[in-house]
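Undergrad: Got a structure for you, questions after.
A short reminder: the numbers here are calculations on the coordinates, not readings from a lab. Predicted model only: the values in this text are computed from it and were never measured. Neighbour counts are summed over all protein chains in view; Cβ atoms, including those assigned to glycine, are modelled from backbone coordinates with ideal geometry.
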Amino acid sequence: MDHFNYRDGVLHAEDVSLADIAASVGTPAYVYSSATFERHFKVFDEALDGMPHLVCYAMKACSNLAVLKLLGDLGAGMDVVSEGEFRRALAAGVPGERIVFSGVGKTPAEMRFALEHGVRQFNVESAEELEVLSQVASGMGKTAPITLRVNPDVDAKTHAKIATGKSENKFGVPIADARQVYARAAALPGIEVVGVDVHIGSQLVDLQPFEDAFSIVADFVGQLRADGHAIRRLDLGGGLGIPYRRANEAPPLPFDYGALIKRTVGHLGCEVEVEPGRLIAGNAGVLIASVIYRKQGAGREFLILDAAMNDLIRPAMYDAWHDIVPVIEPAPGTESLPVDVVGPVCESGDTFAKGRALPPVGAGELVAFRSAGAYGAVMSSEYNSRLMVPEVLVKGDQFAVVRPRPTFDEMLARDTIPQWLD
Ligand code: LLP
């Protein structure tokens with residue numbers, strides 16, 4: 001469920017017309033709904049009611065400070081994968097004790113920063129990382145709480161670029177080797193083993209791979225405890241999918257996912273952490289764009305927008321589907337016609353949809369990409385020297401620009417010409 005609906009014939013974010021936002025901020029622009037963020041966080045949190053838990057929002061999905069502040073104030077923890085993300089969490093007022101640090105390539109500098117700020121735990125992804133973390137932490141006279149991310153070799157049945165739990169993926173320690181790495185962790189100075197971590201992929205629309213992975217983890221915890229490790233925490237990662245095609249997709253609900261967690265690992269008496277990103281942010285955001293031209297091609301029509309692959313890369317990168325709707329509601333009975341929806345960037349990959357049935361929208365009119373809150377603005381770039389896309393947050397009948405569109409002067413001012421070229 002989200003809070004983007006037609007009212008009086010115009011698509012609104014909560015109580016604000018997207019046409020009004022477009023008139024004030026320009027297009028393209030991302031627009032987020034506070035109420036949807038809040039609802040998704042609470043639904044997830046409630047799904048784990050009855051067991052000690054912390055929902056650590058995977059901020060890689062959408063890391064605007066305003067969004068982090070909103071979620072942090074609701075009690076969310078944060079899953080971060082870089083010092084930059086760690087700094088964002090702190091800047092939004094989330095204390096280190098609610099921040100988990102994931103990622104396969106943490107540098108010593110990042111480890112130091114996290115330890116200085118009282119990180120809740122490191123999700124360690126290799127034996128090599130463990131050795132470095134031990135040196136860094138003991139050099140600082142500190143102890144690093146760790147889980148080891150185990151790779152359970154489970155097929156997440158999602159797009160190959162976002163599956164992470166198979167043995168061929170770069171993530172985690174193969175479960176067959178993990179016991180040995182835990183033994184090493186227990187012997188190393190500056191390391192305290194607190195739990196086990198697993199994350200098998202993103203946009204999972206079936207619970208079975210989760211069930212397989214969590215059951216493997218539950219068995220593994222038994223072995224670790226028999227080996228003498230005090231396992232008290234389980235980080236079960238993120239990955240629950242969302243409906244991108246509203247008309248015909250119904251992925252499992254957080255409630256069912258929560259029930260599955262209780263069924264598979266509830267008996268272990270561990271505190272559970274989850275790291276949802278997409279489920280919290282995805283349907284909390286839309287990307288609004290204007291039609292520049294409706295171009296007649298050879299046997300096809302192109303809708304050329306002022307948004308491009310640099311603003312929303314998911315269709316080009318993962319062949320992802322986003323529902324596209326006109327901001328002005330079509331009259332009942334309006335016929336939809338197939339169009340190729342594209343951006344102005346100079347490559348054919350800059351295509352959002354091919355042969356998409358859309359009601360007639362012409363030059364100057366507005367469209368919205370739905371489900372664009374996750375992995376939208378965060379993956380945007382300035383490719384083709386297009387200005388970074390702005391972000392707007394709505395709450396009730398108010399809206400605020402939470403990241404402005406830079407000016408061309410600001411963009412150019414970041415580059416410098418070396419003296420020898422002057
Ligand atoms: N935890 C870890 C360790 C992760 O690597 C990820 C996502 C998450 C949690 C959050 O997963 P989620 O709940 O959002 O599925 N850019 C891609 C998705 C990349 C996901 C990377 N890792 C996309 O646009 O589909």
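Undergrad: So for the pair Val104, Val132, with labels modelled 7 Å out along Cα→Cβ, what separation do we get in nm?
TA: In this crude label model, Val104 to Val132 measures out at 1.3 nm.
Undergrad: When the dipole is taken about the Cα centre of the chain, and only Lys, Arg (+1) and Asp, Glu (-1) are charged at their Cβ, what size is it in debye, to the nearest 20?
TA: Here the size comes out at about 220 debye.
Undergrad: What does the extension gain come out to for Ala186 and Lys42, with contour length at 0.36 nm per residue minus their alpha carbon separation?
TA: So the chain would gain 48.2 nm between Ala186 and Lys42.
Undergrad: On to the next question. Can you pick out the pairs among Lys42/Lys170; Lys42/Lys69; Lys60/Lys161; Lys60/Lys354; Lys69/Lys262; Lys161/Lys295 whose Cα atoms lie more than 21 Å from each other?
TA: Lys42/Lys170; Lys60/Lys354; Lys69/Lys262; Lys161/Lys295
Undergrad: Show me, bin by bin at 10 Å from 0, the whole-percent P(r) of region 267-420 based on Cα pairs.
TA: 9, 34, 31, 16, 7, 3, 0
Undergrad: In addition: Give, in nm to one decimal, the length gained when the segment between Gln296 and Arg232 is fully stretched (0.36 nm per residue of separation minus the Cα-Cα distance). Each step should come with its number before you reach the end.
TA: Details: separation 64, 0.36 × 64 = 23.04 nm, distance 6.22 nm.
Between Gln296 and Arg232, full extension yields 16.8 nm more.
Undergrad: Let me ask something else about it. Given the peptides 103-114, 230-241, 406-417, arrange them by the average over their residues of other C-beta atoms within 10 Å, most packed first.
TA: 230-241, 103-114, 406-417
Undergrad: Computed over the Cα atoms, what is the radius of gyration of the chain divided by 2.2 N^0.38 Å, N being its residue count?
TA: Normalised Rg, Cα atoms only: 1.05.
Undergrad: Return the whole-Å distance between the Cα centroid of region 38-82 and the Cα centroid of region 182-252.
TA: Centre-to-centre distance over Cα atoms comes out at 17 Å.
Undergrad: Sticking with this structure for a sec: With r as the distance between the Cβ atoms of Arg87 and Asn169 and R0 = 25 Å, compute the FRET efficiency 1/(1 + (r/R0)^6) and round to 0.05.
TA: Working: r = 28 Å, r/R0 = 1.11.
Rounded to the nearest 0.05, the efficiency is 0.35.
Undergrad: Return the tail of the calculated pair distribution for region 108-149, meaning the percent of Cα-Cα pairs more than 13 Å apart.
TA: For region 108-149, the share of Cα pairs beyond 13 Å comes to 45 percent.
Undergrad: Could you state the number of Å between the C-alpha centres of region 92-123 and region 379-422?
TA: Using only Cα atoms to place each centre, the spacing works out to 28 Å.
Undergrad: Next question, about the same structure. Among 77-89, 321-333, 210-222, how do they line up by average Cβ neighbours within 10 Å per residue, starting with the highest?
TA: Per-residue Cβ counts within 10 Å, averaged per peptide and sorted highest first, yield 77-89, 210-222, 321-333.
Undergrad: Counting helices only, and only those DSSP H runs with n ≥ 4, report the 222 nm mean residue ellipticity of the chain as the sum of -39,500 (n - 2.57) divided by its residues, in deg cm²/dmol to the nearest 500.
TA: So the helix-based figure for the chain works out to -8500 deg cm²/dmol.
Undergrad: Give me the dipole magnitude in Debye, nearest 20, for region 7-62 about the Cα centre, with unit charges on the beta carbon: positive for Lys and Arg, negative for Asp and Glu.
TA: Around 220 debye, computed over region 7-62.
Undergrad: Would you mind putting 196-206, 1-11 in packing order, based on average other-beta-carbon counts within 10 Å, highest first?
TA: With the highest mean Cβ count within 10 Å placed first, the list reads 196-206, 1-11.
Undergrad: For Gln398 and Ser385 in one chain, what is 0.36 nm times their gap in residues minus the Cα-Cα distance, to one decimal in nm?
TA: Here the answer is 1.6 nm.
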